[in-house]
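Input: a single structure, listed below in structure tokens.
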Amino acid sequence: MAIRKTIAIIGATGELGRAIVNKFAFTPYRLLLVSDKLVELKEFSAKLMEQQIKAEIELLECVKDSCWEADLIVLSVAHAEEEKVAELMKEVATQKIVVIVLQHKNECKELENILPYSKIVKAFINTEANTVLLNGKSETVNEEILSIFKQAGYRTALNTVNYNF
């Protein structure tokens, strides 16, 4: 049996986090759904399990543990919480891909300073249009993330004009 890629989705109970989980649930990955709202996370997960999902789902409250286990980390938390969450995960996110889901197009420089040894990819997601605009410094990493989001059913594009969009 092939080993499944493990994706931690931090902020799985937020609006964008739920939208991402709903798409990724139909991919063949192992999803670690992370939220400090465990009751809400359990209710959301129960509704997901009623569908014919392909993903293996696990619920976690601990950011550090989930990031340690993950191959890929999707950070989808409120802007005010990003730095705090990045501090919790920084020692276990070294050399891992961290997709930062932007609520608004911004630079997220502080996160890059907190996670200097992570492979940062910024994602601006439009849930209504089912699109994601990605931007990272590594072409190889960008292509991997484009492929994962396409597999989840998103229409993807890469912002090659400027890393800070």
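Values in this text are rule-based calculations from the coordinates and carry no lab data. What you see is a predicted model, and the numbers here were worked out from it, not measured in a lab. Heads up, the Cβs are rebuilt from the backbone with ideal geometry, glycines too, and the neighbour counts pull from every protein chain shown.
With 10 angstrom as the radius, rank 117, 29 by how many other C-beta atoms surround their C-beta, starting from the fewest.
117, 29
Computing FRET efficiency as 1/(1 + (r/R0)^6) for residue 130 and residue 84, where r is the C-beta to C-beta distance and R0 is 30 Å, gives about 0.50.
For residue 71, the amide hydrogen comes within under 5 Å of the amide hydrogens of 6, 7, 8, counting only partners 5 or more places away or on other chains and with H modelled in the peptide plane. Name the residues of the range 55-84 whose amide N is less than 18 Å from a point 7 angstrom out from the Cα of residue 117 along the C-beta direction? Label zone hits: 64-73.
Taking every C-alpha pair closer than 8 Å and separated by at least 6 residues, the mean separation divided by the residue count of the chain gives a relative contact order of 18 percent.
Quick check on the exposure proxy: order 91, 112, 58, 50 from fewest to most C-beta atoms within 10 angstrom.
The most exposed by this proxy come first: 50, 91, 58, 112.
Computed 3J(HN,Hα) for the range 11-22, one whole-Hz value per residue from the Karplus formula 6.51 cos²θ - 1.76 cosθ + 1.60 where θ = phi - 60°, is x, 5, 9, x, 4, 5, x, 4, 4, 5, 4, 4, glycine and proline marked x. Structure remark: mean-square fluctuation, Gaussian network model of the chain, C-alpha springs under 10 Å; the largest value among 141, 98, 39 belongs to 39. Of all lysines in the structure, those lying under 25 Å Cα to Cα from residue 84, and not within fewer than 8 positions of it along the same chain, are 37, 42, 64, 96, 105, 109, 119, 122, 137.
By DSSP, what percent of the beta bridges with both residues in the chain are antiparallel, rounded to the nearest 5? Antiparallel bridges: around 20 percent, rounded to the nearest 5.
Just checking the listed ones, 12, 25, 78: in the Gaussian network model of the chain with Cα springs under 10 Å, the one fluctuating most is 78. The simple spin-label model puts a point 7 Å past each Cα toward its Cβ; for residue 43 and residue 68 those points are separated by 3.1 nm. Taken one residue at a time, the phi angles of the range 53-70 give Karplus couplings (6.51, -1.76, 1.60, θ = phi - 60°) of 6, 9, 6, 8, 10, 9, 9, 9, 9, 8, 4, 4, 4, 5, 5, 4, 6, 7 Hz. Gly and Pro are set to x.
The Rg/Rh ratio of the chain, with both radii computed over alpha carbons and Rh defined as the Kirkwood radius, is 0.93. Per residue, the convex hull around the alpha carbon atoms of the range 1-54 comes to 76 Å³. The helix-based estimate of mean residue ellipticity at 222 nm for the chain, built from -39,500 (n - 2.57) per DSSP H run of four or more residues and divided by its residue count, is -10500 deg cm²/dmol to the nearest 500.
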